[in-house]
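The values are calculated or read from the model by the stated rules, or taken from the named source; none is laboratory data. Computed from a prediction, not measured in an experiment: that's the story for all the values here. Glycine gets a Cβ as well: all are built from the backbone with ideal geometry, and neighbour counts include every protein chain shown.
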Amino acid sequence: MDVRSPFKSSLRYLKATAAPTSPQQRDGPEIPPGAFPSQNDSEPEDAIVPMSDDEEYGDLDPQSADACVVLGVVHANNGEFREAVREFTQALDLDHEDGEVYILRGQTYLRMERFAEALSDGQRAVQFDPEDLEGYRLCGVARYRCNDLDRAIGDFDYILSYEAKDAEAYFWRGLANIALRDCDRAIADFSRAIRYAPNLTEAYVARGRAYEQIGQLEKARADQAEAERRAARLVKE
């Protein structure tokens with residue numbers, strides 16, 4: 001049984017559901033409600049979902065690191081974040097150099113608004129698996145939420161140097177730029193995010209806010225209307 005194959009899809013699932021519980025993070029920059037977009041514009045079809053014990057574990061040793069990770073993902077998908085962290089931590093106790101598990105735990109910490117711990121896990125992920133861009137993404141989001149905006153932009157710049165069409169990286173870099181009051185760069189980033197992920201409604205909302213800050217109210221209203229139109233269409237689908 002190859003338990004590693006679901007991890008990438010589970011990372012995407014966790015990112016898609018990792019929105020903060022309030023629009024304003026404590027002592028940090030503003031973020032649109034629900035803004036933790038999936039680059040594919042929707043929850044992935046292959047995201048891990050809860051299964052029975054027999055289906056979930058198969059021939060895995062229930063005391064193994066792999067079994068802990070699988071159970072942790074199930075807990076995370078169910079919104080049981082404390083339990084998920086416990087399982088990921090146990091997996092790392094058994095294999096402390098597994099970069100993907102640090103990312104999984106870090107994404108869960110983001111959902112719990114434990115941003116410093118999320119950043120620490122992102123840094124460890126980069127240390128153990130420097131070729132996995134998800135580690136840099138985790139660092140960038142955590143730094144943004146900690147108001148370390150310049151470093152956050154650096155993380156997203158790194159991702160985009162390898163993945164020039166990464167809509168999510170453009171979106172988060174745009175949020176950092178707007179927090180720095182660099183609205184022109186923010187608008188450019190949100191526009192690129194929309195180009196590569198046209199149904200990313202949060203990007204329209206954020207770009208509209210940037211337009212509003214520079215007094216382009218007609219464009220701001222147009223973006224808000226487009227966000228609402230696309231959101232309504234996605235609900236119908």
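Within the range 155-237, which helices (runs of 4 or more DSSP H) (wholly inside it) include 2 or more residues that are of a type in the set (Ser, Thr, Tyr) and either within 18 Å of the chain's Cα centre (by Cα) or at pLDDT 95 or above (or both)?
Counting at least 2 such residues, we get 183-196, 201-213.
One line per residue, one yes/no per condition, for (1) surrounded by 22 or more Cβ atoms within 10 Å (Cβ to Cβ); (2) among the aliphatic types (A, V, I, L, M):
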position: ALA152; (1), (2): yes, yes
position: GLU168; (1), (2): yes, no
position: PHE171; (1), (2): yes, no
position: ALA188; (1), (2): no, yes
position: ASN199; (1), (2): no, no
